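To start, the structure under review is shown below, and the notes come after it.
The values are calculated or read from the model by the stated rules, or taken from the named source; none is laboratory data. All figures in this text were calculated on a predicted structure; none of them were measured in a lab. Positions of Cβ are generated from backbone atoms using ideal geometry, with glycine treated the same way; all protein chains shown enter the neighbour counts. Each accessible area value is taken on the protein alone, full model and side chains, heavy atoms only, with ligands, DNA and RNA left out. Shrake-Rupley method; radii C 1.70, N 1.55, O 1.52, S 1.80 Å.
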Amino acid sequence: TEMIVARDVHKWYASNQFHVLRGVSLTVCKGEVVVIMGPSGSGKSTFIRTFNALEEYQRGKIVVDGIELSHDVRNVDTIRREVGMVFQQFNLFPHLTVLQNVTLAPTWVRRWKKAQAEVTAMQLLEKVGILEQAKKYPGQLSGGQQQRVAIARALAMQPKIMLFDEPTSALDPEMVREVLDTMRSLAQEGMTMVCVTHEVGFAREVADRVVLMADGLLVEDATPDVFFNNP
Ligand code: ADP
Ligand code: ADP
(Lines give C-alpha, C1' and ligand atoms only; values in the text may rest on other atoms or scores of the structure.)
(Ligands and ions follow the chains in the order given, each with its own letter.)
Protein backbone atom coordinates (compact mmCIF):
# COMPACT_ATOMS: atom_id res chain seq x y z
CA THR A 1 0.00 0.00 0.00
CA GLU A 2 1.31 3.41 -0.96
CA MET A 3 1.16 5.76 2.03
CA ILE A 4 2.96 8.73 0.49
CA VAL A 5 3.15 9.44 -3.21
CA ALA A 6 4.98 12.63 -4.19
CA ARG A 7 5.24 13.36 -7.89
CA ASP A 8 7.41 16.03 -9.45
CA VAL A 9 7.06 18.42 -6.54
CA HIS A 10 8.33 21.95 -7.12
CA LYS A 11 8.60 24.75 -4.63
CA TRP A 12 10.17 28.15 -5.08
CA TYR A 13 10.16 31.39 -3.17
CA ALA A 14 8.73 34.30 -5.07
CA SER A 15 10.79 36.75 -3.02
CA ASN A 16 14.14 35.69 -4.41
CA GLN A 17 13.19 33.03 -7.00
CA PHE A 18 15.00 30.41 -4.92
CA HIS A 19 13.90 27.03 -6.26
CA VAL A 20 14.13 24.83 -3.16
CA LEU A 21 12.40 21.75 -4.66
CA ARG A 22 13.05 21.15 -8.37
CA GLY A 23 10.83 18.23 -9.21
CA VAL A 24 11.09 15.65 -6.45
CA SER A 25 9.30 12.31 -6.58
CA LEU A 26 9.14 9.71 -3.83
CA THR A 27 6.84 6.83 -2.94
CA VAL A 28 6.72 5.42 0.58
CA CYS A 29 4.80 2.22 1.19
CA LYS A 30 3.14 1.08 4.39
CA GLY A 31 5.67 -0.05 6.98
CA GLU A 32 8.61 1.33 5.07
CA VAL A 33 11.36 3.34 6.73
CA VAL A 34 12.91 5.88 4.38
CA VAL A 35 15.91 7.93 5.45
CA ILE A 36 16.62 11.18 3.60
CA MET A 37 20.19 12.41 3.62
CA GLY A 38 21.98 15.26 1.90
CA PRO A 39 23.73 18.55 2.53
CA SER A 40 22.26 21.40 4.49
CA GLY A 41 19.96 23.54 2.36
CA SER A 42 19.28 20.78 -0.18
CA GLY A 43 15.55 20.84 0.58
CA LYS A 44 15.16 17.78 2.84
CA SER A 45 13.23 19.53 5.56
CA THR A 46 11.07 21.45 3.10
CA PHE A 47 10.26 18.24 1.24
CA ILE A 48 9.06 16.22 4.22
CA ARG A 49 7.13 19.21 5.56
CA THR A 50 5.03 19.11 2.39
CA PHE A 51 3.78 15.66 3.49
CA ASN A 52 1.73 17.13 6.33
CA ALA A 53 0.98 20.46 4.69
CA LEU A 54 3.43 22.46 6.78
CA GLU A 55 4.83 23.68 3.46
CA GLU A 56 2.92 24.62 0.38
CA TYR A 57 4.26 23.74 -3.04
CA GLN A 58 3.65 25.25 -6.44
CA ARG A 59 3.74 22.31 -8.81
CA GLY A 60 3.40 18.55 -8.67
CA LYS A 61 1.17 16.26 -6.69
CA ILE A 62 1.24 14.76 -3.22
CA VAL A 63 -1.12 12.03 -2.06
CA VAL A 64 -0.94 10.90 1.56
CA ASP A 65 -2.90 7.79 2.51
CA GLY A 66 -5.08 8.25 -0.54
CA ILE A 67 -5.84 11.88 0.21
CA GLU A 68 -4.58 14.45 -2.23
CA LEU A 69 -2.95 17.35 -0.45
CA SER A 70 -4.48 20.46 -1.81
CA HIS A 71 -5.19 23.72 -0.15
CA ASP A 72 -8.45 22.25 1.07
CA VAL A 73 -8.49 22.96 4.79
CA ARG A 74 -10.46 19.82 5.60
CA ASN A 75 -7.77 17.73 3.99
CA VAL A 76 -5.09 19.52 5.96
CA ASP A 77 -6.82 18.73 9.25
CA THR A 78 -7.16 15.06 8.33
CA ILE A 79 -3.57 14.81 7.18
CA ARG A 80 -2.18 16.44 10.32
CA ARG A 81 -3.98 13.81 12.38
CA GLU A 82 -2.60 10.96 10.32
CA VAL A 83 0.95 12.24 10.06
CA GLY A 84 2.93 12.76 13.24
CA MET A 85 6.03 14.90 13.20
CA VAL A 86 9.11 15.21 15.37
CA PHE A 87 11.38 18.22 14.95
CA GLN A 88 15.00 18.96 15.71
CA GLN A 89 13.89 21.32 18.46
CA PHE A 90 11.53 19.36 20.65
CA ASN A 91 8.79 22.02 20.58
CA LEU A 92 7.21 20.87 23.84
CA PHE A 93 4.94 23.22 25.72
CA PRO A 94 7.19 24.42 28.57
CA HIS A 95 4.37 25.32 30.94
CA LEU A 96 2.73 21.88 30.69
CA THR A 97 3.92 18.71 32.37
CA VAL A 98 5.18 15.79 30.31
CA LEU A 99 1.84 14.04 30.76
CA GLN A 100 -0.12 17.18 29.80
CA ASN A 101 2.03 17.61 26.70
CA VAL A 102 1.07 14.12 25.58
CA THR A 103 -2.65 14.34 26.41
CA LEU A 104 -3.25 17.83 25.00
CA ALA A 105 -3.91 16.97 21.36
CA PRO A 106 -5.96 13.80 22.01
CA THR A 107 -8.29 15.67 24.38
CA TRP A 108 -8.61 18.82 22.25
CA VAL A 109 -8.44 17.46 18.72
CA ARG A 110 -9.76 13.94 19.16
CA ARG A 111 -12.10 14.88 22.03
CA TRP A 112 -11.01 11.95 24.12
CA LYS A 113 -11.99 11.97 27.79
CA LYS A 114 -9.10 13.08 29.98
CA ALA A 115 -8.91 9.72 31.78
CA GLN A 116 -8.74 7.79 28.54
CA ALA A 117 -6.11 10.13 27.11
CA GLU A 118 -4.03 9.73 30.28
CA VAL A 119 -4.11 5.95 30.18
CA THR A 120 -2.89 5.99 26.60
CA ALA A 121 -0.30 8.66 27.38
CA MET A 122 1.12 6.68 30.29
CA GLN A 123 1.45 3.62 28.05
CA LEU A 124 3.34 5.68 25.50
CA LEU A 125 5.58 7.25 28.13
CA GLU A 126 6.42 3.80 29.42
CA LYS A 127 7.17 2.65 25.91
CA VAL A 128 9.63 5.49 25.31
CA GLY A 129 11.13 4.99 28.78
CA ILE A 130 10.10 8.17 30.59
CA LEU A 131 7.15 7.12 32.71
CA GLU A 132 8.96 8.33 35.84
CA GLN A 133 9.13 11.85 34.41
CA ALA A 134 5.39 12.16 33.72
CA LYS A 135 4.77 14.86 36.33
CA LYS A 136 7.86 16.90 35.49
CA TYR A 137 8.11 19.87 33.18
CA PRO A 138 10.15 19.74 29.95
CA GLY A 139 12.77 22.07 31.39
CA GLN A 140 13.56 19.49 34.08
CA LEU A 141 14.39 16.81 31.48
CA SER A 142 17.46 16.11 29.41
CA GLY A 143 17.31 16.78 25.68
CA GLY A 144 17.07 13.07 24.94
CA GLN A 145 14.19 12.69 27.36
CA GLN A 146 12.43 15.72 25.88
CA GLN A 147 12.74 14.30 22.39
CA ARG A 148 11.24 11.01 23.56
CA VAL A 149 8.33 12.98 25.05
CA ALA A 150 7.93 14.65 21.65
CA ILE A 151 7.79 11.20 20.02
CA ALA A 152 5.21 10.02 22.57
CA ARG A 153 3.18 13.17 21.97
CA ALA A 154 3.11 12.56 18.24
CA LEU A 155 2.20 8.89 18.74
CA ALA A 156 -0.68 9.84 21.04
CA MET A 157 -2.64 10.94 17.97
CA GLN A 158 -2.29 7.40 16.60
CA PRO A 159 -0.70 8.53 13.35
CA LYS A 160 -0.29 6.23 10.37
CA ILE A 161 2.94 7.93 9.34
CA MET A 162 5.74 9.51 11.38
CA LEU A 163 8.05 12.19 10.01
CA PHE A 164 11.35 12.92 11.76
CA ASP A 165 13.30 16.07 10.90
CA GLU A 166 16.84 15.73 12.26
CA PRO A 167 15.53 14.44 15.61
CA THR A 168 18.99 13.93 17.12
CA SER A 169 20.83 16.95 15.73
CA ALA A 170 20.20 19.12 18.79
CA LEU A 171 21.22 16.39 21.26
CA ASP A 172 24.44 15.76 23.13
CA PRO A 173 26.11 12.62 21.77
CA GLU A 174 25.28 10.48 24.82
CA MET A 175 21.56 11.13 24.30
CA VAL A 176 21.42 10.31 20.63
CA ARG A 177 21.30 6.58 21.16
CA GLU A 178 18.19 6.55 23.36
CA VAL A 179 16.25 8.53 20.75
CA LEU A 180 17.48 6.34 17.90
CA ASP A 181 16.56 3.22 19.91
CA THR A 182 13.04 4.59 20.33
CA MET A 183 12.81 5.21 16.59
CA ARG A 184 14.21 1.77 15.88
CA SER A 185 11.55 0.03 17.96
CA LEU A 186 8.87 2.11 16.26
CA ALA A 187 10.20 0.90 12.91
CA GLN A 188 10.18 -2.69 14.13
CA GLU A 189 6.50 -2.32 15.05
CA GLY A 190 5.78 -1.51 11.43
CA MET A 191 5.36 2.26 11.54
CA THR A 192 5.72 4.02 8.21
CA MET A 193 8.55 6.49 8.74
CA VAL A 194 10.39 9.18 6.81
CA CYS A 195 13.46 10.39 8.66
CA VAL A 196 15.78 13.24 7.74
CA THR A 197 18.94 12.38 9.63
CA HIS A 198 22.71 12.33 9.32
CA GLU A 199 22.92 9.21 11.51
CA VAL A 200 24.60 6.74 9.15
CA GLY A 201 24.37 3.85 11.63
CA PHE A 202 20.63 4.28 11.94
CA ALA A 203 20.24 4.54 8.17
CA ARG A 204 22.31 1.39 7.58
CA GLU A 205 20.53 -0.70 10.18
CA VAL A 206 16.95 0.54 10.15
CA ALA A 207 16.17 2.08 6.76
CA ASP A 208 14.56 0.11 3.99
CA ARG A 209 15.68 2.82 1.57
CA VAL A 210 18.07 5.72 1.75
CA VAL A 211 17.40 8.74 -0.39
CA LEU A 212 19.92 11.45 -1.22
CA MET A 213 18.89 15.01 -1.93
CA ALA A 214 21.12 17.67 -3.46
CA ASP A 215 20.15 21.14 -4.65
CA GLY A 216 16.43 20.45 -4.54
CA LEU A 217 16.65 17.17 -6.43
CA LEU A 218 16.45 13.58 -5.36
CA VAL A 219 19.66 12.14 -6.76
CA GLU A 220 19.70 8.62 -5.32
CA ASP A 221 17.14 6.19 -3.90
CA ALA A 222 18.57 2.82 -2.90
CA THR A 223 18.72 0.15 -0.24
CA PRO A 224 21.25 0.94 2.52
CA ASP A 225 23.59 -1.78 1.23
CA VAL A 226 23.74 -0.26 -2.22
CA PHE A 227 23.65 3.33 -0.98
CA PHE A 228 26.59 3.06 1.40
CA ASN A 229 28.74 0.81 -0.75
CA ASN A 230 28.54 2.97 -3.84
CA PRO A 231 31.58 5.19 -4.25
P1 ADP B 1 17.68 21.04 4.45
O2 ADP B 1 16.58 20.48 5.29
O3 ADP B 1 18.18 20.08 3.43
O4 ADP B 1 18.77 21.69 5.23
P5 ADP B 1 15.79 23.04 3.79
O6 ADP B 1 14.60 22.35 3.29
O7 ADP B 1 15.76 23.59 5.17
O8 ADP B 1 17.06 22.17 3.56
O9 ADP B 1 16.19 24.16 2.73
C10 ADP B 1 15.66 25.35 2.86
C11 ADP B 1 16.31 26.21 1.83
O12 ADP B 1 15.33 27.12 1.41
C13 ADP B 1 17.47 26.97 2.43
O14 ADP B 1 18.46 27.17 1.47
C15 ADP B 1 16.81 28.28 2.81
O16 ADP B 1 17.71 29.35 2.79
C17 ADP B 1 15.75 28.43 1.75
N18 ADP B 1 14.58 29.15 2.26
C19 ADP B 1 13.83 28.82 3.32
N20 ADP B 1 12.87 29.72 3.51
C21 ADP B 1 13.02 30.63 2.54
C22 ADP B 1 12.32 31.82 2.19
N23 ADP B 1 11.28 32.26 2.90
N24 ADP B 1 12.74 32.51 1.12
C25 ADP B 1 13.78 32.08 0.41
N26 ADP B 1 14.50 30.98 0.67
C27 ADP B 1 14.11 30.26 1.73
P1 ADP C 1 16.33 25.84 9.50
O2 ADP C 1 17.65 25.60 8.86
O3 ADP C 1 16.41 26.12 10.97
O4 ADP C 1 15.28 24.82 9.12
P5 ADP C 1 14.98 27.50 7.65
O6 ADP C 1 15.78 27.31 6.43
O7 ADP C 1 13.69 26.77 7.76
O8 ADP C 1 15.85 27.22 8.92
O9 ADP C 1 14.70 29.03 7.84
C10 ADP C 1 14.18 29.55 9.05
C11 ADP C 1 13.28 30.72 8.71
O12 ADP C 1 13.98 31.69 7.91
C13 ADP C 1 12.08 30.32 7.93
O14 ADP C 1 10.95 31.05 8.38
C15 ADP C 1 12.41 30.65 6.50
O16 ADP C 1 11.24 30.97 5.79
C17 ADP C 1 13.32 31.86 6.66
N18 ADP C 1 14.36 31.90 5.62
C19 ADP C 1 15.34 31.02 5.45
N20 ADP C 1 16.11 31.34 4.40
C21 ADP C 1 15.57 32.44 3.87
C22 ADP C 1 15.90 33.27 2.78
N23 ADP C 1 16.95 33.01 1.98
N24 ADP C 1 15.13 34.34 2.53
C25 ADP C 1 14.10 34.59 3.31
N26 ADP C 1 13.73 33.88 4.37
C27 ADP C 1 14.45 32.80 4.66
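Assorted remarks:
- All aspartates and glutamates inside 20 Å of Lys114 as judged from Cα atoms, apart from same-chain residues fewer than 8 positions distant: Glu126, Glu132
- Taking all protein chains together, Ser42, Ser142 sort by accessible area into Ser142, Ser42, largest first [probe 1.4 Å].
- Choice from Ile48, Ile151, Ile161 showing the highest fluctuation, given a GNM over the chain with Cα pairs closer than 10 Å: Ile48
- Largest-first ordering by accessible area, 1.4 Å probe, given options Cys195, Cys29: Cys29, Cys195
- Inter-label distance for Asn75 and Glu174, nm, one decimal - labels placed 7 Å from Cα along Cα-to-Cβ: 4.8 nm
- Solvent exposure, largest accessible area first (probe 1.4 Å, DNA, RNA and ligands not counted), of His95, His19, His10: His95, His19, His10
- Per residue, the chain exposes an accessible area of 48 Å² to a 1.4 Å probe, with every protein chain left in place.
- Solvent-accessible surface (1.4 Å probe) assigned to Ile79 amounts to roughly 0 Å².
- More than 20 Å apart - percent of Cα-Cα pairs taken over region 1-99: 43 percent
- Modelled spin-label separation between Val219 and Ser142, with each label point placed 7 Å from Cα along the Cα-to-Cβ direction: 3.6 nm.
- Mean ellipticity per residue at 222 nm, deg cm²/dmol - from DSSP H runs of n ≥ 4 across the chain, formula -39500 (n - 2.57): -11000 deg cm²/dmol
- Straight-distance candidates among the lysines for linking to Lys30, with alpha-carbon spacing under 29 Å and chain neighbours fewer than 8 residues away dropped: Lys11, Lys44, Lys61, Lys127, Lys160.
- 5 angstrom amide H check on Ala214, placed H, neighbours 5+ away: Val219
- Cβ-derived FRET efficiency at R0 41 Å, Asp208 paired with Glu126, nearest 0.05: 0.90
- Sorting the segments 180-188, 207-215, 96-104 by their mean number of nearby beta carbons within 10 angstrom, highest to lowest, gives 96-104, 207-215, 180-188.
- Cα-based radius of gyration of region 49-208 once divided by 2.2 N^0.38 Å, which approximates compact folds: 1.04
- Hypothetical label at Lys61: residues of region 1-22 whose amide nitrogen lies under 19 Å (7 Å Cα-Cβ projection): 1-11, 22
- What the phi angles of region 222-227 give under the Karplus curve with 6.51, -1.76 and 1.60, with θ = phi - 60°, is a coupling list of 8, 5, x, 4, 5, 4 Hz, glycine and proline written as x.
- Most mobile listed residue (Pro39, Pro167, Pro138) in the chain, GNM with C-alpha springs under 10 Å: Pro39
- Highest-MSF residue in the chain out of Glu205, Glu56, Glu220 [GNM, Cα springs under 10 Å]: Glu205
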